[in-house]
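Read the structure below first, then the notes.
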Amino acid sequence: MELTKSRELFDRAVKSVPGGVHSNSRYRNPHPVYYKNAEGAYLIDVDGNRYIDCIMGNGAIILGHNDKEFNDRIQYYSRSGIVTGVETELSIKTAEKFLSLVPTAEQIRYTNTGTEAVMHAMAMSRAFTGKTDIAVIEGAYNGWHDAVYVSTWPDLLKAGDRTEPKSLPGASGLIDEVVKSTLVLPYNDLEIAERLLTVNKDRIAALIIEPTMIDIGYIPAKKEYLQGLRKLCNDLNIVLVFDELLTGFRDSPGGAQSHYGVTPDLSTFGKAISNGYMLAALAGKAAIFETVTPGKGTCSFVGTYNGHQVSLAASLAFMEIYEERQVFKTLQTRTEKLINEFARLADKHQIKARIQGRGGHFHWYFTDKEILDYRSATQSDKRAYANFIDAFIGTGVYCSPNYLLHHAISMEHTDEIIQQLVEYMDVSLQHATSIKAGL
Ligand SMILES: Cc1ncc(COP(=O)(O)O)c(C=O)c1O
């Protein structure tokens, strides 16, 4: 694949942009690829290479790139000329539409990023319970701030026993005392959660959890686990926060909370909420929103770009089209096809591997062991994944070289494109088996 122009852009970029990227996750060795346009399911780079996009803005772009009807509706809804800093009828209409799709939520406030929505959830939980500390799930990513960027993809040599995981900083630059104050729980283990939360009940204000862990692939929660956490949080006066940044509008129309039938106190949404525009939200119980309601609470909730009108226009346009085109149903059928076809191919090539996914999100695990949490996910064979994914990327698919990340398709990933992906997976598995056999 010719990447001369990307290389040139990288050499230029590093002088003004650290590492040549504005988000470290976009960095690739030996240099990132730079893109010039996107259409449907495809990304086109500056050298003219065309890729089937299987990352889709980290799951955010769910209708597909540059959808004409979506673009037209954004223009229509943002025609007022108002950009940000004031409230409009659009601010209310978009909130109402969201609440009609996610009926477990009583109220909503819009922010710009998921990181901000999570920060507000933490502050409101502290104000609501009078407690200070946060509990997170080992391996989960809930944004990059001090209280939650803890034990995110931790080094297992440093992470301690799984029954009592250590609180490790996700990066340098975090406040050590805050990191240490965060309680870390393994995923899908109610017994350990019950013990650790009970012992720490006087200090834990909130437990934040992805109802399906997607940042390390695709690991669904057991239903009884989420139900047990719901009861536990009620009993211990802990605010239960579902991080639905990735599951929202993909795991089911009402979020993973409606798929599981478990109602959190608060939940964070983003990404697909506006089909890739910059918008996130905090939704949940009116009683907890009182902490930020003027005249009722004293907790802060401010931001120049909160409820940004162009992003709200995008969200309203997206939610309308989402219903009209039955997006969830189509994505689910296509994801099932990827899962089933990959299972057939893994069998054919005698490789212990599978795809896990739902609603357009998916990931490959190279193991036959059950994956329940971060530690079991790390048992996926890194080398086998690398051999497969190198060949898969070589066929012209944009996907992640990291064996513990996630992938996504959109409505533009038609049955024909899915079939093409299946054929590429076949060739790539063949390549991985040849390497394994030393051929
Ligand atoms: C589950 C989850 N929570 C929170 C975030 C943070 O969202 P943002 O990148 O919009 O700050 C992300 C982003 O990848 C995420 O995947």
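All of the numbers you see were taken from the coordinates with simple rules; none came from a lab. Note that this is a predicted model, so its numbers are computed, not measured. Here the Cβ positions follow ideal geometry from the backbone for every residue, glycine too, while neighbour counts run over all protein chains shown.
What to note about this one:
- The stretch 95-163 versus the stretch 60-83: alpha-carbon centroid distance in Å: 29
- Think of the chain as a dipole: +1 on every Lys or Arg Cβ, -1 on every Asp or Glu Cβ, centred on the Cα centre; then among 385, 333, 273, 385 lies furthest on the positive end.
- Dipole size of the stretch 68-324 about its Cα centre, with +1 on Lys/Arg Cβ and -1 on Asp/Glu Cβ: approximately 220 debye, rounded to the nearest 20.
- Remark: 79, 250 ranked as 79, 250, counting other beta-carbon atoms within 10 Å and listing the fewest first.
- Ranking of 282, 101 by count of other Cβ atoms within 10 Å, fewest first: 101, 282
- Here the simple spin-label model places points 7 Å from the Cα toward Cβ, and for residue 237 and residue 86 these points are separated by 4.4 nm.
- Annotation: peptides 2-10, 401-409, 135-143, 152-160, ranked by per-residue average of other Cβ atoms within 10 Å with the highest first, follow the order 135-143, 401-409, 2-10, 152-160.
- Value of relative contact order over the stretch 68-324, rounded to a whole percent, pairs C-alpha under 8 Å and six or more apart: 29
- Scattering curve values for the stretch 1-103, log₁₀ I(q)/I(0), Debye with Cα scatterers, q = 0.21, 0.22 Å⁻¹: -1.10, -1.15
- Calculated FRET efficiency for the pair residue 437/residue 93, C-beta based, R₀ 45 Å, to 0.05: 0.15
- Taking every C-alpha pair closer than 8 Å and separated by at least 6 residues, the mean separation divided by the residue count of the stretch 75-183 gives a relative contact order of 18 percent.
- For the stretch 201-279, dividing the convex hull volume of the Cα atoms by the residue count gives 94 Å³ per residue.
- Label point distance in nm, residue 171-residue 4, each placed 7 Å from Cα along Cα→Cβ: 3.5
- Remark: the residue 195-residue 390 segment gains 65.9 nm on full extension, using 0.36 nm per residue and subtracting the alpha carbon distance.
- Sites residue 326 and residue 293, calculated FRET efficiency, Cβ-Cβ separation with R0 25 Å, nearest 0.05: 0.10
- Distance in nm between pseudo-label sites at residue 106 and residue 163 (7 Å out along the Cβ direction from Cα): 4.0
- Binning the C-alpha pair distances of the stretch 68-324 at 5 Å intervals from 0 yields a P(r) profile of 1, 7, 13, 18, 19, 16, 11, 7, 4, 2, 1, 0 %, listed from the shortest bin outward.
- For the stretch 49-204, the Kirkwood estimate of hydrodynamic radius, built from reciprocal distances between every pair of different alpha carbons, is 19.0 Å.
- Long-range tail of P(r) for the chain (Cα pairs > 42 Å, %): 13
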